[in-house]
Every structure is written in C-alpha cells, then in structure tokens.
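Colleague: What follows is a single structure, and I will ask about it in a moment.
Each value in this text was obtained by applying a stated rule to the coordinates, not by laboratory testing. Keep in mind that what you see is a predicted model, and the values were worked out from it rather than measured. A quick note on method: Cβ atoms are made from the backbone with ideal geometry, for glycine too, and the neighbour counts reach across all protein chains shown.
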C-alpha cells in the first residue's frame with residue numbers, strides 16, 4: 001500500500017455553537033510520529049478523537065490506509081458508516097486515554113484479552129497468550145492477575161497501552177497519556193511509549209510533555225484556537241518558534 | 001396476662017391441622033407469583049432502560065412514556081384492567097397470570113429506572129475504551145457496561161424483590177389464591193381474623209427479612225471492597 005497512512009482533510013468540529021476545530025489538515029506516513037501540542041482548550045484532544053471517530057467530525061474527512069474512515073461514499077455523497085463497519089475500522093486504531101479507563105471488573109490480562117477475543121473471535125487461550133506477550137512489552141508481566149484498583153496510575157496506563165497494542169493497530173493515538181499521573185510515575189509511561197516509537201510504530205500523540213514530544217516525534221503541530229498555527233520538525237518548531245503565540249506557549253511551559 | 005397469651009397461641013395449635021396445609025400451599029403461590037412477576041419486570045425493565053437511553057427518538061419517547069405511566073398508575077388498576085377490563089375484548093387471563101403480568105408490568109417501570117441509574121453511573125470513558133478496541137455498541141454493553149452496572153444495581157434490585165413480594169398481596173383482590181386471600185378466607189370461616197392476619201403478616205415478614213439482610217450484607221461488601229479507580 002502506497003500513500004500516507006493517515007490523512008485528515010479540512011477537519012471541522014463544533015459542539016453546539018462552539019467551533020472547536022476550524023479546518024485542520026494533517027498527513028502521517030507509515031512509521032512516523034506526530035505530536036500535537038497547544039494550550040488547553042485549543043482542540044488538540046478533539047482533533048485526536050475525531051481521527052477514530054470517537055467524535056464525529058462536523059465537516060471534513062479521514063482516510064486511514066487509503067480507506068475512508070467512518071463514512072461511506074457513493075456518487076460523491078458521504079454517509080455515516082454503520083456501527084459494525086465503524087467498529088471494524090476502529091479495531092485498526094489503538095487509543096490510549098488520559099484517564100486510562102481500564103475496565104475495573106477485569107484483571108490486567110483480561111483487560112487486554114477481551115477485545116481481541118470478542119472483536120476478532122480468537123479463543124480464550126490465544127487471547128491469554130496475546131495478553132501475556134503485550135504485558136511483557138510494557139513490563140507488567142508480574143501484575144497479569146491484578147485488578148486495576150490494585151495498580152498505580154502508571155501501571156494502569158501501561159496496561160492500557162498493552163490493551164491498545166493487542167489490537168495490532170496500524171496507528172496508535174495517545175491522548176495526554178501522562179496528564180493524570182503523579183510526577184514520579186510519568187517516566188515509566190513515557191519510557192514505554194518511547195520504546196514503541198523506536199519499534200517504528202505510527203503514532204499521533206497529544207501531550208503537554210514538550211521535551212518528550214521533541215525527542216519522540218518527527219513532526220510537531222501547534223494548534224491554537226482550532227487552527228494549526230505552526231508545524232514542522234520538532235527542532236524547528238520547538239527550538240526556533242516563529243509565531244508569537246507559540247513562543248508565548250513555550251515560555252509558559254518552561255516556566256512551569 | 002401470660003395465661004391470655006397462652007390461650008391466644010393455643011388457638012393456632014388447635015387449628016393448625018386445618019390451616020397448616022392451606023397456608024403452606026398459599027405461601028408457595030405467593031413465592032411463585034413473586035418470581036414470575038419479578039422475572040417479567042427485570043426483562044421488561046432492562047429493555048425499557050436501554051430504550052430510554054437510546055438515541056432513536058421514537059424508542060426513547062415510547063420507553064419514557066411507559067416508565068412514567070407505569071410509575072403513575074396504581075398496580076391495582078393494572079390488575080383490574082387485565083383481569084376484568086379485557087374480558088369484553090375476549091381476552092381472559094386466569095387470576096395467577098393476570099397477577100403476574102400486572103405486577104410485572106407495573107414494577108418494570110421502577111426496575112427500568114434502577115437499571116438506567118446503574119448504567120449511567122458507569123463513566124463514559126469505560127464505553128469509549130471499549131469502542132476504541134473495536135467493540136460494537138452491543139458488545140460494549142454486554143461485556144463492559146452491564147457487568148459493572150449489575151454491581152451497582154444489585155442492592156436496589158433486591159429491594160424491589162421485597163416490595164414485589166409484599167405487593168403480591170393485592171392480587172387477592174382479583175382472587176389469585178395467594179397468602180393474603182387464603183388468610184382472609186380462613187379468617188372469615190373461623191371468625192378468627194386477628195389470629196390469621198397476624199399470621200399472614202408474620203409470614204410476609206419472615207420471607208422478606210432475610211432478603212433485606214442479604215441486601216445490607218451486599219451493600220457493606222461493596223463499600224469495603226471497591227475503592228474507586230481513576231475514571232473507573
């Protein structure tokens with residue numbers, strides 16, 4: 001398959017009268033990593049959530065691996081895709097949330113295994129094997145049988161990452177994965193994400209960790225008020241910002 | 001005083017060979033009526049709750065209307081309607097069936113609200129995480145939402161069983177041959193209303209009290225057992 005992995009075209013999203021995204025474009029090639037940064041309320045999480053249709057865009061289209069996402073097209077008219085089709089497409093996109101959202105009634109292993117079991121129809125034994133392999137990747141093998149309430153925030157987030165990896169996704173989305181963590185737990189989660197990045201996975205990352213974004217991403221988007229104000233390689237965007245708003249934003253972050 | 005009490009209790013001993021078998025039989029009918037109406041109410045209530053949370057306007061409207069009406073109309077009116085009111089249309093239920101359906105339909109309104117509250121208490125992130133791994137909304141409900149909601153729902157649900165158990169007594173008014181009707185008949189035949197209605201009350205209490213003990217036990221267990229996880 002040639003062409004970019006992900007294409008976001010003219011993305012608009014409104015909640016009632018409030019227009020959060022005002023026409024955003026992005027392209028992501030296979031194996032590449034884009035970080036989206038910006039002040040809170042700028043629309044960066046919304047943009048990420050539109051990519052896998054967790055939010056339905058008001059306007060604009062998403063293509064994943066050359067395939068129109070969340071919609072069907074016939075005779076030039078776009079129609080929302082049915083739930084089954086949407087679920088099938090979402091299975092190719094792993095998502096990691098700020099609030100982890102592990103399922104409290106399932107142990108770590110089952111949190112990871114239940115998705116592939118129900119979605120792809122693999123057996124319980126296969127699901128357990130897959131889950132154990134994913135737990136190893138996030139260095140959580142020793143907690144396979146623990147329930148989420150017995151895990152620290154950092155551990156929960158690593159299990160949540162393993163859950164997304166078990167989908168064998170073409171694309172990983174990270175929505176502020178460390179924002180809800182105590183400072184001393186951030187490192188372990190960032191390390192795991194970095195390891196995934198080094199494996200050559202394609203990912204889009206919304207984050208407040210500017211230094212981390214600079215290290216991991218090969219492209220940075222600065223979003224402000226629902227539009228992309230500046231973008232480019234991290235060295236250019238973060239070390240040599242052109243736009244006054246971006247400079248103000250970076251100054252604020254550094255001061256913290 | 002003690003002599004009076006002895007005299008009062010001896011009446012039970014004297015009549016038990018006559019009352020006993022009839023009372024046992026009636027208790028069994030009351031239990032069956034509770035189980036039947038509760039089963040119907042749970043199935044119907046779950047459908048109504050899901051319908052009320054649906055994003056299809058017509059379904060939501062219908063379910064909301066049903067819940068409001070079921071909660072606003074006395075169960076007895078429903079029972080009379082089912083048992084007497086439908087006869088002109090050629091629809092005839094026996095007293096047990098009419099009782100079970102009527103109580104079930106009526107309780108479904110309350111049980112739907114119990115389900116809805118339980119489902120809505122689950123953080124929306126739980127649902128999103130399930131959708132994100134590629135589950136359909138149906139799978140999400142079945143494997144992620146419902147198992148969590150049931151933990152929340154269980155105590156109020158057991159309360160509903162207790163209420164229904166006691167409410168089966170109104171089926172005596174459509175001549176369902178359950179505990180209350182049998183107690184009333186025996187009271188009239190023996191001219192011992194105080195003995196029989198005290199007995200009936202005591203039996204209802206003995207049936208429902210264990211249920212409320214279990215409910216309390218479960219509530220305590222859940223309070224202790226589960227610290228809320230972040231976003232969970």
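Colleague: Looking only at the stretch A:60-76, how many residues end up being surrounded by fewer than 14 Cβ atoms within 10 Å (Cβ to Cβ) and either farther than 20 Å from residue A:28 by Cβ or free of Cβ contacts under 8 Å to residues at least 40 places away in the same chain (or both)?
Modeller: The initial filter retains those residues of the stretch A:60-76 that are surrounded by fewer than 14 Cβ atoms within 10 Å (Cβ to Cβ), namely A:66-67, A:72-76.
Okay, now just the ones that are also either farther than 20 Å from residue A:28 by Cβ or free of Cβ contacts under 8 Å to residues at least 40 places away in the same chain (or both), so A:67, A:72-76.
Of the residues in the stretch A:60-76, 6 are surrounded by fewer than 14 Cβ atoms within 10 Å (Cβ to Cβ) and either farther than 20 Å from residue A:28 by Cβ or free of Cβ contacts under 8 Å to residues at least 40 places away in the same chain (or both).
Colleague: Under 9 Å by Cβ, and 6 or more places apart or on different chains, what pairs join a residue from the stretch B:44-63 that is over 17 Å from residue B:106 (Cβ atoms) with one that is outside any helix (DSSP H, G or I)?
Modeller: Filtered contacts from the stretch B:44-63: B:60/B:53; B:60/B:54.
Colleague: Examine the stretch A:90-111 for a residue that is surrounded by 19 or more Cβ atoms within 10 Å (Cβ to Cβ), within 7 Å of chain B (Cβ to nearest Cβ), farther than 22 Å from residue B:151 by Cα and out of contact with any strand residue (DSSP E or B) (no Cβ under 8 Å at 6 or more places or on another chain), and state whether such a residue exists.
Modeller: yes
Colleague: Go through the stretch A:162-177 and count every residue that is surrounded by 24 or more Cβ atoms within 10 Å (Cβ to Cβ) and without any contact (Cβ under 8 Å) to a residue 60 or more places away in the chain.
Modeller: 2
Colleague: In the stretch A:137-154, what count of residues is obtained for those that are closer than 21 Å to residue B:132 by Cα and away from chain B (no Cβ under 11 Å)?
Modeller: Just the residues of the stretch A:137-154 that are closer than 21 Å to residue B:132 by Cα, to begin with: A:137-138, A:147-148, A:153-154.
Right, trim to away from chain B (no Cβ under 11 Å) and you get A:137-138, A:154.
Qualifying residue count for the region: 3.
Colleague: Okay, next question. So which residues in the stretch A:211-253 are closer than 17 Å to residue A:186 by Cβ and either more than 16 Å from the chain's Cα centre (by Cα) or loosely packed, with under 13 Cβ neighbours inside 10 Å (or both)?
Modeller: Passing the criteria: A:211, A:214, A:215, A:253.
Colleague: How do the helices (runs of 4 or more DSSP H) wholly within the stretch A:135-229 filter down when requiring 1 or more residues that are touching a strand residue (DSSP E or B) at 6+ places or on another chain (Cβ under 6 Å) and under 21 Å from residue A:25 (Cα atoms): which remain?
Modeller: Details: elements: A:153-165, A:183-198, A:210-216.
Because the criterion is at least 1 residues that are touching a strand residue (DSSP E or B) at 6+ places or on another chain (Cβ under 6 Å) and under 21 Å from residue A:25 (Cα atoms), the helices (runs of 4 or more DSSP H) in the stretch A:135-229 that meet it are A:210-216.
Colleague: Sort through A:206, A:159 and tell me the only one that's surrounded by 19 or more Cβ atoms within 10 Å (Cβ to Cβ), away from every other protein chain (no Cβ under 12 Å) and touching a residue at least 24 places away in the same chain (Cβ under 8 Å). Spell out how you get there, then give the answer.
Modeller: Details: A:159 fails: away from every other protein chain (no Cβ under 12 Å).
The conditions single out A:206.
Colleague: Among the listed residues B:115, B:96, B:80, B:84, which satisfies the condition of being over 13 Å from the mean Cα position of the chain (by Cα), more than 14 Å from chain A (Cβ to nearest Cβ), within 23 Å of residue A:118 (Cβ to Cβ) and part of a helix (DSSP H, G or I)?
Modeller: On the way: B:96 fails: within 23 Å of residue A:118 (Cβ to Cβ); B:80 fails: within 23 Å of residue A:118 (Cβ to Cβ); B:84 fails: within 23 Å of residue A:118 (Cβ to Cβ).
B:115 is the lone residue from the list that is over 13 Å from the mean Cα position of the chain (by Cα), more than 14 Å from chain A (Cβ to nearest Cβ), within 23 Å of residue A:118 (Cβ to Cβ) and part of a helix (DSSP H, G or I).
Colleague: Looking at the stretch B:122-222, what helices (runs of 4 or more DSSP H) fall wholly within it and have at least 3 residues that are within 18 Å of the chain's Cα centre (by Cα)? First the steps, then the outcome.
Modeller: Numbers: elements: B:124-132, B:137-140, B:146-167, B:179-190.
Filter on the stretch B:122-222 gives B:146-167.
Colleague: Going through B:215, B:140 one at a time, which residue ends up being within 14 Å of chain A (Cβ to nearest Cβ) and at negative phi?
Modeller: B:140
Colleague: Could you check the stretch A:72-89 and list, in sequence order, the residues that are more than 9 Å from chain B (Cβ to nearest Cβ) and in contact with a helix residue (DSSP H, G or I) (Cβ under 9 Å, 6 or more places away or on another chain)?
Modeller: Answer for the stretch A:72-89, where residues must be more than 9 Å from chain B (Cβ to nearest Cβ) and in contact with a helix residue (DSSP H, G or I) (Cβ under 9 Å, 6 or more places away or on another chain): A:72, A:80, A:81.
Colleague: Continuing with the same structure: Of the residues that make up the stretch A:39-47, is at least one touching a helix residue (DSSP H, G or I) at 6+ places or on another chain (Cβ under 8 Å), touching a residue at least 60 places away in the same chain (Cβ under 8 Å), part of a strand (DSSP E or B) and more than 14 Å from every other protein chain (Cβ to nearest Cβ)?
Modeller: Applying the first criterion (touching a helix residue (DSSP H, G or I) at 6+ places or on another chain (Cβ under 8 Å)) to the stretch A:39-47 yields A:39.
With touching a residue at least 60 places away in the same chain (Cβ under 8 Å) added as a condition, the list becomes A:39.
Filter again for part of a strand (DSSP E or B), leaving none.
No, that holds for no residue.
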